[in-house]
Amino acid sequence: MKTGEAPAVSAGASGAIFSAVGAMLVLLAFRKGRLEDLTFRRMAVMAVLSLLVGFQSSNVDNFAHIGGFLAGAVLMAVLYPRMARIRKRGKRP
């Protein structure tokens with residue numbers, strides 16, 4: 001939604017998808033850029049290209065994409081270190 005326009009309803013799962021992408025990028029950063037066949041660089045390129053396509057398309061809620069991405073990244077940054085400590089102690093959550 002652009003500034004000055006009437007409010008609009010936004011629906012869809014793309015914000016949630018971007019949340020998963022943001023979380024995966026942070027997870028890959030914690031795991032030194034690699035998780036099996038997935039690399040940080042591949043995920044970052046995919047995320048940037050997806051955002052660029054969204055900015056070039058009309059009727060796409062880019063605020064949902066960016067908000068989802070940031071929410072996923074922040075949640076993973078907060079939760080992953082705690083999960084890693086629990087696993088080191090031998091306790092499974």
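FYI, it's all coordinate maths here, none of it is from the lab. Note that this is a predicted model, so its numbers are computed, not measured. Every residue, glycine among them, receives a Cβ derived from its backbone with ideal geometry; neighbour counts consider all protein chains shown.
Tabulated values for the structure
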quantity: Nearest 10 degrees, 0 to 90: helix 14-30 Cα axis against the chain principal axis; calculated: 30
quantity: In degrees, nearest ten, helix 62-88 long axis to first principal axis of the chain (Cα); calculated: 10
quantity: Gaussian network model of the chain, Cα within-10 Å springs - most flexible of GLY72, GLY54, GLY12; calculated: GLY12
quantity: Correct choice for Rg/Rh (Cα atoms, Kirkwood Rh) that was computed from the model, options [x] 1.81; [y] 1.09; [z] 1.31; calculated: [y]
quantity: Label-point separation in nm, GLN56 to ARG34, each point 7 Å along Cα→Cβ; calculated: 3.2
quantity: Computed [θ] at 222 nm, deg cm²/dmol, the chain (DSSP H ≥ 4; -39,500 (n - 2.57); rounded to nearest 500); calculated: -22500 deg cm²/dmol
quantity: Positive-pole candidate from ILE86, SER50, ALA20, dipole of the chain, charges at beta carbon; calculated: ILE86
quantity: Spin-label model distance (nm) - LEU49 vs ARG89, 7 Å beyond Cα toward Cβ; calculated: 4.2
